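Engineer: Before anything else, here's the structure in question.
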Amino acid sequence: MSALEAVGPFLAATVRTATPLALAALGEVLVERAGLINIGLEGAILAGAFGALVGATAGGLGGGYAVAVAAGLIVGALFALFVIAMKADQIITGTALTLLSVGATGTLYRALYGSSGAALTLPTSGVLPLPFLSSLPVVGGALFAQPPVTYLVYLLAPALAWWLGHTHAGLALRAIGERPEAAEAAGIPVNRLRVGAILAGGALGGLAGGTLVLAQAGTFAENMSAGRGFIAIAIVVLGRWRPIGVALGALLFGAASALQFAFQAMGWDAPYQLFLVIPYLLTLAALAGAVGRARAPTALGKPLSRD
Amino acid sequence: MPVIRAFALAALVVATILLATALLLALGGYDVRVALGALWTGSVGSWYALTSATLVRAIPLMLTGCAVAVAFRAGVFNIGAEGQLLAGAAAATAIALSVPSLGRAALLLALVAGAVGGAAWAAIAAALRARFGVLEVISTIMLNFVALYGVSYLVRGPLQEPTHAYPQTSPIADAVRLGQVPGAGRLHLGILIALATVVGTGWVLRHTAAGFRLMVVGESPSAAASAGLVDVGRVTARAFMFSGALAGLAGSVEVLGVTYALYENISPGYGYTAIAVALLAGLDPWRVILSAVLFAALEAGAGAMQRDAGVPSTLVSVVEALLILAVVGAQALRRRQMAPVATTILSPAPDA
């Protein structure tokens with residue numbers, strides 16, 4: 001296969017891999033703009049993936065996505081309960097929720113599906129080529145012949161950017177991430193907005209997990225989130241807490257992961273671990289390069305000190 | 001009567017764990033009596049189970065649990081004990097295989113190499129935090145994945161056994177292995193290394209200036225800096241690397257005392273369980289010993305539950321997670337009632 005022929009499949013793999021990362025990272029943008037950091041995003045993605053398996057087995061594709069979102073919402077609700085209602089430490093709560101998700105999905109998976117594993121015949125989202133756009137040369141097939149959930153990302157990123165920048169609620173969300181005490185004095189319901197952001201982040205994390213199962217793998221495997229939640233949090237930093245930047249950051253990570261397919265297609269011989277490790281190394285490099293120049297929401301990670 | 005209180009607390013924790021496990025088992029439709037029976041037999045029900053299953057697992061949990069406790073105490077969220085353990089295991093294996101003729105000296109070298117390997121792995125995240133302000137929570141988790149794939153590469157590449165049939169290294173020579181504790185099954189002398197290290201670390205934290213500086217920085221970095229007491233960045237970085245050294249030592253003790261070779265699944269997630277171990281111990285190294293034995297018993301028993309009662313062993317992760325949530329929840333509630341003294345350990349402010 002020539003290098004040029006590999007471009008189309010490479011771009012398509014890039015967008016495919018980037019989709020769940022972008023969904024999860026966009027949700028985390030809301031959470032972090034509200035001044036919180038949810039390490040439990042990894043758990044929400046894994047819960048969403050398992051929810052997709054259960055939902056799709058029972059109620060087809062729609063059921064799969066619905067239960068995936070619901071599972072992510074549950075993880076988000078637990079995070080809100082501990083962090084907002086009880087003011088527990090965000091990092092430890094998030095870590096515990098990820099562990100809980102790993103344990104609960106693993107246990108339920110083995111209990112429900114046994115050691116034989118899940119059915120490999122889950123309904124999966126097919127590709128929905130958009131008329132006209134998908135027939136553009138080179139990029140058409142890659143960008144516009146994807147599962148519908150990818151198009152949701154195309155809409156969600158600019159919509160969130162507009163919402164954060166131009167609506168009253170969006171401005172209020174940013175205010176509570178920068179100066180929660182001042183925002184509260186100005187009459188903004190800080191904790192209610194934060195709970196809303198956490199739930200939205202959880203739902204999008206769940207949807208990201210659902211995408212892994214329903215639009216990519218076609219089945220569930222234990223721990224299949226494989227650190228995507230943490231990568232998504234890094235993408236938020238890389239994208240400087242802006243939805244469009246975050247979507248582009250997700251594409252960069254998608255490209256890094258897609259490199260392995262491209263190299264394999266070109267017959268380049270190298271240890272496969274080298275390809276698998278690229279996204280994690282890229283995360284470290286991106287964090288080191290991005291953090292110094294970007295500014296995080298001022299109140300990030302600090303609870304609202306009202307009493 | 002602090003001793004009585006400590007034992008009462010420990011009994012309460014054990015009772016809570018058993019109750020939670022029983023509840024989860026009942027919810028899952030398992031035979032609670034059979035499953036809990038297997039949990040008991042597999043963990044502490046016999047001398048063999050206690051020594052060869054529980055205490056053997058407690059060794060890496062003591063060291064990694066102590067690693068997490070030291071880091072958290074210093075305000076460093078080191079979630080990377082797993083990767084540091086793997087780095088230590090790889091370094092120790094490389095040394096043990098390359099100079100087997102040195103015998104006992106090679107054993108000592110390999111143990112040190114493990115600690116150095118773990119410290120070096122932690123140093124990457126420490127440097128990223130100090131130089132670029134990278135959140136160590138994320139960097140250490142990324143480094144866990146890198147370490148895992150690194151070991152995967154080593155045991156299929158440069159360190160693979162000569163026949164190239166299996167993804168593992170050659171076995172470590174007898175002379176370079178940690179000996180067994182006489183009359184205690186598979187329990188090896190690593191238990192003494194772990195106990196000495198953890199007790200020593202606890203002593204350093206309580207009774208030395210270095211330990212005092214570490215805790216001051218963890219409690220309030222801005223106060224420590226403005227009081228001109230300490231160089232916050234340096235104390236933080238040192239604590240981070242010391243934490244990595246403890247986890248790395250766990251890795252070397254594991255290859256030299258249990259597996260005698262390096263392969264991919266050398267750790268069943270000791271570095272992650274360590275977080276629960278440290279939190280349950282209130283980040284106190286001495287109490288880590290008890291909490292490590294408790295979690296080791298739980299994990300040993302979980303294996304037996306899976307074998308004898310068909311209960312997925314991952315159920316233990318659920319119990320562990322619930323325990324962490326119970327601890328942080330209880331602390332958060334207590335913080336509301338009490339004056340905020342010494343309860344900021346788990347929520348340190350960022351570096352000044």
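Engineer: From the convex hull of the Cα coordinates of the protein assembly as shown, what is the mean projected area in square nanometres? It would help to have the intermediate numbers written out before the result.
Structural biologist: Values: hull surface 123.4 nm².
Approximately 30.8 nm², given one-decimal rounding.
Engineer: Another question about this same structure. Hey, how many Å between the Cα centroid of region A:171-192 and the Cα centroid of region B:233-285?
Structural biologist: Answer, in whole Å: 41.
Engineer: Another question, then. Using only the alpha-carbon atoms of region A:1-139 as identical scatterers, what base-10 log of I(q)/I(0) does the Debye formula give at q = 0.16 Å⁻¹?
Structural biologist: -0.96
Engineer: Set Lys and Arg Cβ to +1 and Asp and Glu Cβ to -1, take the dipole of chain A about its Cα centre, and tell me which of A:Y154, A:A12, A:L173 lies farthest positive.
Structural biologist: It is A:L173, whose Cα lies furthest towards the positive end.
Engineer: Using r as the Cβ-Cβ distance of B:L23 and A:A288, and R0 as 41 Å, what FRET efficiency do you calculate, to the nearest 0.05?
Structural biologist: Values: r = 45 Å, r/R0 = 1.10.
According to the calculation, E is roughly 0.35.
Engineer: Using a cut-off of under 14 Å, list every residue of region A:26-68 whose amide N is near the label point 7 Å from the Cα of A:L112 along the Cα-to-beta-carbon line.
Structural biologist: In region A:26-68, the label zone of A:L112 (backbone N under 14 Å from the point 7 Å along Cα→Cβ) covers A:46-61, A:63-68.
Engineer: Then there's this: I'd like the distance separating the alpha-carbon centroids of region B:8-60 and region B:148-198, in whole Å.
Structural biologist: Using only Cα atoms, the two centres lie 27 Å from each other.
Engineer: Could you give the DSSP H helices of chain A that reach 18 angstrom or more along their long axis (alpha carbon positions) and whose average Kyte-Doolittle hydropathy is no lower than -0.5?
Structural biologist: On the way: long enough: A:3-33 (41 Å, 1.01); A:41-80 (30 Å, 1.65); A:90-113 (33 Å, 0.90); A:148-166 (27 Å, 1.10); A:190-211 (31 Å, 0.88); A:243-265 (32 Å, 1.49); A:272-291 (30 Å, 1.85).
Qualifying helices, which must be both long enough and hydrophobic enough, are A:3-33, A:41-80, A:90-113, A:148-166, A:190-211, A:243-265, A:272-291.
Engineer: Now, a different point. Under a plain spin-label model, where a point goes 7 Å from the Cα along Cα-to-Cβ, how far apart in nm are B:E264 and A:R192?
Structural biologist: The modelled label-to-label distance comes out at 5.1 nm.
Engineer: Build a GNM of chain A with springs between Cα atoms under 10 Å: which of A:T167, A:T219, A:T105 gets the top mean-square fluctuation?
Structural biologist: A:T167
Engineer: Write out the chymotrypsin sites (Phe, Trp or Tyr not before Pro) in region A:110-215 meeting two conditions: DSSP loop, and at most 14 other Cβ atoms within 10 Å of their Cβ. Could the numbers behind the result be given before it?
Structural biologist: Values: sites: A:Y113, A:F132, A:F144, A:Y151, A:Y154, A:W162, A:W163; in loops: A:F132.
Sparse-neighbourhood loop chymotrypsin sites (Phe, Trp or Tyr not before Pro): A:F132.
Engineer: Give me log10 I(q)/I(0) at q = 0.26, 0.30, 0.31, 0.34 Å⁻¹ for region A:205-248, Debye formula, one equal scatterer per alpha-carbon, no solvent.
Structural biologist: One equal scatterer on each Cα of region A:205-248 leads to -0.91, -1.01, -1.03, -1.10.
Engineer: Same structure, new question: Find the relative contact order for region B:2-337 and round it to a whole percent, using C-alpha pairs within less than 8 Å whose residues are 6+ positions apart. Kindly include the intermediate steps, with their values, before the conclusion.
Structural biologist: On the way: 600 pairs, mean separation 113.0, N = 336.
Computed value for region B:2-337: 34 percent relative contact order.
Engineer: Obtain the nm distance between the two label points defined at B:R334 and A:N223 by a simple spin-label model: each point lies 7 Å from its Cα along the Cα-to-C-beta direction.
Structural biologist: 3.3
Engineer: Going toward the positive end of the dipole of region B:2-337, with +1 on Lys and Arg Cβ and -1 on Asp and Glu Cβ, which of B:L55, B:A302, B:G185 do you reach last?
Structural biologist: It is B:L55.
Engineer: To the nearest 20 debye, what charge dipole does chain A have about its Cα centre, counting +1 at the Cβ of each Lys and Arg and -1 at the Cβ of each Asp and Glu?
Structural biologist: That gives chain A a dipole magnitude of about 540 debye.
Engineer: Nearest 20 debye, what's the magnitude of the dipole of region B:2-337 about its Cα centre given +1 on Lys and Arg Cβ and -1 on Asp and Glu Cβ? Walk me through the intermediate numbers first.
Structural biologist: Details: 19 positive and 13 negative charges, 155 e Å.
Dipole about the Cα centre, nearest 20: 740 debye.
Engineer: Oh, and also: Determine ³J(HN,Hα), in whole Hz, for all residues of region B:59-73 in sequence, where each value follows from phi through the Karplus function 6.51 cos²θ - 1.76 cosθ + 1.60 and θ = phi - 60°; x replaces Gly and Pro.
Structural biologist: Working through the residues one at a time gives 4, x, 6, 4, 5, 6, x, 5, 4, 5, 4, 4, 5, 4, 4 Hz.
Engineer: I want to verify a result. In a Gaussian network model of chain A, Cα cutoff 10 Å, which of these has the top mean-square fluctuation: A:P131, A:P148, A:P243?
Structural biologist: A:P131
Engineer: Could I ask something else about it? Positive end of the dipole of the protein assembly as shown, charges at C-beta (+1 Lys, Arg; -1 Asp, Glu), about the Cα centre: which of B:A96, B:V316, B:G157 has its Cα farthest in that direction?
Structural biologist: Working it through, the farthest residue towards the positive pole turns out to be B:V316.
Engineer: A further question on this structure: Taking θ as phi - 60°, what are the ³J(HN,Hα) couplings along region B:9-14 by the Karplus curve (6.51, -1.76, 1.60), each to the nearest whole Hz, with x for Gly and Pro?
Structural biologist: Once rounded to whole Hz, the list reads 5, 4, 4, 4, 4, 4.
Engineer: What whole-number volume per residue, in cubic angstrom, does the convex hull of the C-alpha atoms of chain A give? Provide the component values of the computation, followed by the final result.
Structural biologist: On the way: hull volume 43.8 nm³, N = 307.
Normalising the Cα hull of chain A by residue number yields 143 Å³.
Engineer: OK, next. Taking amide H atoms as placed 1.01 Å from N in the peptide plane, list the residues 5 or more away in sequence, or in a different chain, whose amide H sits under 5 Å from that of B:Q168.
Structural biologist: B:E161
Engineer: Still on this structure: Using 0.36 nm per residue, how much length does the chain from B:V14 to B:D174 gain when fully extended, once their Cα-Cα distance is taken away? Don't jump to the answer; show the numbers that get you there.
Structural biologist: Details: separation 160, 0.36 × 160 = 57.60 nm, distance 3.86 nm.
Contour length minus the Cα-Cα distance gives 53.7 nm.
Engineer: A further question on this structure: In a shell of Cβ-Cβ distance under 15 Å around A:G254, excluding A:G254 itself, what net charge do Lys and Arg (+1) and Asp and Glu (-1) give? Display every interim value, and only then the final one.
Structural biologist: Working: positive: A:R16, A:R228; negative: none.
Once positives and negatives cancel, what remains is +2.
Engineer: At a Förster distance of 35 Å, what's the computed FRET efficiency of A:W268 paired with A:L136, Cβ-Cβ distance as r, to 0.05? Mind dumping the intermediate values first?
Structural biologist: Working: r = 28 Å, r/R0 = 0.81.
That pair, A:W268 with A:L136, gives E of 0.80.
Engineer: Would you calculate a helix-derived [θ] at 222 nm for chain B, using -39,500 (n - 2.57) for each DSSP H run of n ≥ 4 and dividing by the full residue count, to the nearest 500? Could you put the intermediate results ahead of the total?
Structural biologist: Details: 13 runs with 239 residues, N = 352.
Estimated from H runs of four or more residues: -23000 deg cm²/dmol.
We did not get these values from a lab; they are worked out from the coordinates using the rules stated. Everything numeric here is computed off the predicted structure, so don't read it as measured data. Note that each Cβ is placed from the backbone with ideal geometry, even for glycine, and that neighbours are counted across all protein chains shown.
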